[in-house]
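The values are calculated or read from the model by the stated rules, or taken from the named source; none is laboratory data. What you see is a predicted model; the values in this text were computed from it and never measured. Positions of Cβ are generated from backbone atoms using ideal geometry, with glycine treated the same way; all protein chains shown enter the neighbour counts.
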Amino acid sequence: MQGLFIPGGLFIGMGIGLLFDRPDVGLFIGLGIGFMSMPVYNLLQKRIQVVEYQIPKSSEEPGLYENKEHDERDRR
């Protein structure tokens with residue numbers, strides 16, 4: 001992804017330069033934007049961290065279980 005900033009900036013700069021009949025100036029503007037956006041992207045990637053949460057699995061399977069203490073109290 002990072003390597004696409006320079007060619008993308010060149011094409012955007014060429015388009016802007018052709019719009020104003022100065023493709024040479026647009027080329028350098030796009031090249032500068034491409035080079036300046038790469039470190040900004042790297043800094044943003046380092047600041048944004050993906051956090052994964054894992055829910056621990058219980059040892060017992062979900063379902064209905066008999067309450068053994070309740071059964072013993074009723075028998076007494």
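Are there any pairs, at least 6 apart or on different chains, whose C-beta atoms fall under 8 Å, with the first in the range 16-39 and on the phi > 0 side of the Ramachandran plot and the second of a type in the set (A, V, I, L, M) and part of a helix (DSSP H, G or I), and if so, which?
The qualifying pairs do not exist here.
Out of the helices (runs of 4 or more DSSP H) lying entirely within the chain, which hold 2 or more residues that are loosely packed, with under 10 Cβ neighbours inside 10 Å and modelled with pLDDT under 90?
Answer list for the chain: 23-47, 68-75.
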